[in-house]
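Take a look at the structure set out below.
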Amino acid sequence: MPCKKYGSIDIGLKRIGVATSLALDIVTPHQAILRKNRNQAALEVDNFLIEWEIDTLVVGFPSANDEMQRRIQHFVKLLNFDKEIIFQEENMSSIEAEDLIKGDIKYKRDGRIDSLAAKIILERYLTKK
């Protein structure tokens, strides 16, 4: 029986972090999607999910920010993904990702933190599954 393939997204206003788990519990961050507008970003997320043949999408979801929850739910509705979607609590994932990358000499907003946050979100889901 083939392994289930998981994808994860950490939706932000400027970037969308993405990560995958294609075998066992190994989670890999990928290059973040730069967000020019909602439709372009949704299309790129859809293409990412198709390219990696994702079976289940895990979406980072803040527990205490109602405005961001609404934005995330709206964005997810724009996706053409017709498989399982799970909302996973994401609190502190970006801060945890920033701590992981602190050793890098050039700290810039290139999406690495966003995709590391997506990786952390997916790891959280897989460990509680």
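The values are calculated or read from the model by the stated rules, or taken from the named source; none is laboratory data. Since the structure is predicted, the reported quantities are computational estimates derived from the model, not experimental observations. Positions of Cβ are backbone-derived with ideal geometry, glycine not excepted, and every protein chain shown enters the neighbour counts.
Structure data summary
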| read-out | value |
| --- | --- |
| Cross-chain or 6+ apart pairs with Cβ under 7 Å, the range 60-77 first and closer than 20 Å to GLU44 by Cα and among the small types (Gly, Ala, Ser), then assigned to a loop (DSSP other than H, G, I, E, B) and at pLDDT below 95 | GLY60/GLU90 |
| Hits in the range 1-26 (condition: among the hydrophobic types (A, V, I, L, M, F, W, C) and more than 11 Å from the chain's Cα centre (by Cα)) | MET1, CYS3, LEU13, LEU22, ALA23, LEU24, ILE26 |
| Residue ID - surrounded by the fewest Cβ atoms within 10 Å (Cβ to Cβ), chosen from residues in the range 44-66 that are among the β-branched types (Val, Ile, Thr) and touching a Lys or Arg at 6+ places or on another chain (Cβ under 9 Å) | THR56 |
| VAL18 being closer than 21 Å to LYS77 by Cβ, in contact with a His (Cβ under 6 Å, 6 or more places away or on another chain) and touching a residue at least 40 places away in the same chain (Cβ under 8 Å) | yes |
| Condition check for LEU57: more than 14 Å from ALA118 (Cα to Cα) and either out of contact with any Gly (no Cβ under 9 Å at 6 or more places or on another chain) or in contact (Cβ under 8 Å) with a residue 40 or more places away in the chain (or both) | no |
| Whichever residue in the range 29-43 is more than 10 Å from VAL18 (Cα to Cα) and touching a residue at least 12 places away in the same chain (Cβ under 8 Å) and, among such residues, is surrounded by the fewest Cβ atoms within 10 Å (Cβ to Cβ) | ASN39 |
